[in-house]
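Worksheet: one structure, shown below.
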Ligand SMILES: Nc1nc2c(ncn2[C@@H]2O[C@H](COP(=O)(O)OP(=O)(O)OP(=O)(O)O)[C@@H](O)[C@H]2O)c(=O)[nH]1
Ligand SMILES: [Mg+2]
């Protein structure tokens, strides 16, 4: 849940990038870290394996600006996508205000996306949160590759809840800021 500090008028919003292994969650965060003015981001923390697979989480705090006189700070996290890190995902997901579900658009990753979305739903429910109660959006990533599913198919098979969705190529930054902008909007609207 967002922490609101009325003494110095600051609001911290926790956003989690969720999705299957190698879908591009860390790549999103890295692109933001490297392309946002330095005065707006703190150091990015990555707890990962020697192969750069996320082991526990990545963390990046970022200033968003002012809304109604409150300074908004986004606390961006990624979960580890590999299936055996379920307990880490549960912990990272705790008390989040919004989620970006990063889909790997490749045909052979289709089932991994479905399983990951099911785990997100279950992990939220275990915390007493129904997936329909929390702001979340979908990012269809890796749109630069050839072996990918068309968007209408992904929408029909994955986006059963009809949430907002965006295409991205996180590796080059396409769609990365659009995604973060839109989840922030949803979360802030809910806070208001
Ligand atoms: N072609 C292409 N490759 C991408 C894209 N986004 C990420 N990748 C690559 O996919 C691989 C995995 O990206 P990561 O960001 O580490 O994936 P992750 O979701 O954090 O993976 P886990 O930490 O294991 O859950 C890396 O080699 C990235 O460079 C994209 O849009 N297009
Ligand atoms: Mg990662």
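Each peptide in 113-120, 37-44 was scored by the mean count of other Cβ atoms within 10 Å over its residues; highest first, the order is 113-120, 37-44.
Using the Cα coordinates of region 13-104, the gyration tensor eigenvalues translate into equivalent-ellipsoid semi-axes of 23, 15, 11 Å, sorted from longest to shortest. I'd like the distance separating the alpha-carbon centroids of region 6-33 and region 126-160, in whole Å. First find each Cα centre; the distance between them is then 17 Å. Peptides 66-74, 1-9 ranked from most to least packed give 66-74, 1-9, packing being the mean of other C-beta atoms within 10 angstrom over each peptide's residues.
Relative to the longest principal axis of the Cα atoms of the chain, the long axis of helix 176-191 makes an angle of roughly 50 degrees. The angle between the Cα long axis of helix 110-126 and the longest principal axis of the Cα atoms of the chain comes to about 40 degrees, rounded to the nearest 10.
Where does each of 165-175, 15-25 land if you order them by average Cβ count within 10 Å, highest first?
Details: 165-175: 18.8, 15-25: 24.9.
Ranked by mean Cβ neighbours within 10 Å, highest first: 15-25, 165-175.
Here 86, 52 are placed in order of increasing Cβ neighbour count within 10 Å, fewest first, which gives 52, 86.
In terms of its Cα atoms, the chain spans 50, 34, 30 Å along the principal axes, sorted from long to short. The ratio of the alpha-carbon radius of gyration of region 53-164 to the globular-protein estimate 2.2 N^0.38 Å is 1.15. Helical content alone sets the calculated 222 nm signal of the chain at -9500 deg cm²/dmol, taking -39,500 (n - 2.57) per DSSP H segment of four or more residues and averaging over every residue.
Values in this text are rule-based calculations from the coordinates and carry no lab data. None of these values were measured; they are calculated from a predicted model. Glycine also receives a Cβ, built like all others from the backbone with ideal geometry; neighbour counts cover every protein chain displayed.
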